[in-house]
1. Output the qualifying pairs, or none if there are none: Cβ atoms under 6 angstrom, residues six or more apart or on different chains, first residue in the stretch 140-153 and without any contact (Cβ under 8 Å) to a residue 60 or more places away in the chain, second residue of a type outside the set (Asp, Glu).
2. How many of the residues in the stretch 95-132 are touching a Phe, Trp or Tyr at 6+ places or on another chain (Cβ under 9 Å), in contact (Cβ under 8 Å) with a residue 60 or more places away in the chain and of a type in the set (Gly, Ala, Ser)?
3. Does Glu110 satisfy the condition of being part of a loop (DSSP other than H, G, I, E, B), surrounded by fewer than 22 Cβ atoms within 10 Å (Cβ to Cβ) and among the charged types (D, E, K, R)?
4. State whether the residues of the stretch 83-102 include one that is in a loop (DSSP other than H, G, I, E, B), surrounded by fewer than 24 Cβ atoms within 10 Å (Cβ to Cβ), in contact with an Asp or Glu (Cβ under 9 Å, 6 or more places away or on another chain) and small (Gly, Ala, Ser).
5. Just to be sure before I move on: is Tyr78 touching a residue at least 12 places away in the same chain (Cβ under 8 Å), of a type in the set (Phe, Trp, Tyr), farther than 21 Å from Ala118 by Cβ and crowded, with 17+ Cβ neighbours inside 10 Å in the structure I sent?
6. Within the stretch 58-89, track down each residue that is within 19 Å of Tyr102 (Cβ to Cβ) and of a type in the set (A, V, I, L, M, F, W, C).
7. Tally the residues that are farther than 18 Å from Glu163 by Cα, of a type outside the set (A, V, I, L, M) and in contact with a helix residue (DSSP H, G or I) (Cβ under 8 Å, 6 or more places away or on another chain), restricting the search to the stretch 111-132.
8. Out of the stretch 30-71, which residues are part of a loop (DSSP other than H, G, I, E, B) and surrounded by 19 or more Cβ atoms within 10 Å (Cβ to Cβ)?
Amino acid sequence: MEILVKQGDITEERVDAIVNAANSSLMGGGGVDGAIHRKGGPKILEECRKIREREPYKNGLPTGEAVHTSGGNLPCRYVIHAVGPVWQGGSAGEAQSLRNAYLNSLKLAESLGAKSVAFPNISTGAFGYPKDEAAKIAIQAARDYAHSPTRIERVVFVCFDEENLRLYRQLLSASSPKDDAR
């Protein structure tokens, strides 16, 4: 599995699945969540409402979990909605919850037959997760997933800002010559 990093707009990625840094309501919001809902169109929101109508999601999607909808008007087949943790200082299980958000998204993408997946920097915006710690968790989760048999061929971390791009590039180039840090 190839791991790439780039700066850009995740709603423009031509991959099988993009991951949405969703809030537990699945009804859209700010940041990448709002951008995906706006650009993806009403079909994504309609599908999210249907997910929320059934158990166990009537009270929202739990932190660390992931569900999927179609890509709506986006150039991907699927949107995987994953809820990352709100930063509370690091002693409330945030690291494991963030890792679970990445791993559960990859598992779901694999079950959907996706060969390429694009991730935003989950929890580093309004949820306040420290970018350097979040980057380490994201990359390690992808690498750990790649060590088991997988049909996913490419994971792209799409960074919205320069700081995340720099952090991801440093981590990828420092620790594995096989990963492409472009």
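Here, each number is a calculation from the coordinates, and none is a lab measurement. These numbers come from a predicted model, not from an experiment. Cβ placement follows ideal geometry from the backbone for every residue including glycine, while neighbour counts extend to all protein chains displayed.
1. Note: pairs meeting the criteria are Ala141/Arg99; Ala141/Tyr102; Ala141/Leu103.
2. Residues that pass the stated criteria total 6.
3. Working: part of a loop (DSSP other than H, G, I, E, B): no; surrounded by fewer than 22 Cβ atoms within 10 Å (Cβ to Cβ): yes; among the charged types (D, E, K, R): yes.
Taking the combined requirement at face value, the residue does not satisfy it.
4. Among the residues of the stretch 83-102, at least one is in a loop (DSSP other than H, G, I, E, B), surrounded by fewer than 24 Cβ atoms within 10 Å (Cβ to Cβ), in contact with an Asp or Glu (Cβ under 9 Å, 6 or more places away or on another chain) and small (Gly, Ala, Ser), which makes the answer yes.
5. Working: touching a residue at least 12 places away in the same chain (Cβ under 8 Å): yes; of a type in the set (Phe, Trp, Tyr): yes; farther than 21 Å from Ala118 by Cβ: no; crowded, with 17+ Cβ neighbours inside 10 Å: yes.
Considered against the rule, which asks whether it is touching a residue at least 12 places away in the same chain (Cβ under 8 Å), of a type in the set (Phe, Trp, Tyr), farther than 21 Å from Ala118 by Cβ and crowded, with 17+ Cβ neighbours inside 10 Å, Tyr78 comes out as no.
6. Across the stretch 58-89, the qualifying residues are Leu61, Ala66, Val67, Cys76, Val79, Ile80, Ala82, Val83, Val86, Trp87.
7. 0
8. Answer for the stretch 30-71, where residues must be part of a loop (DSSP other than H, G, I, E, B) and surrounded by 19 or more Cβ atoms within 10 Å (Cβ to Cβ): Leu61, Thr63, Gly64, Glu65, Gly71.
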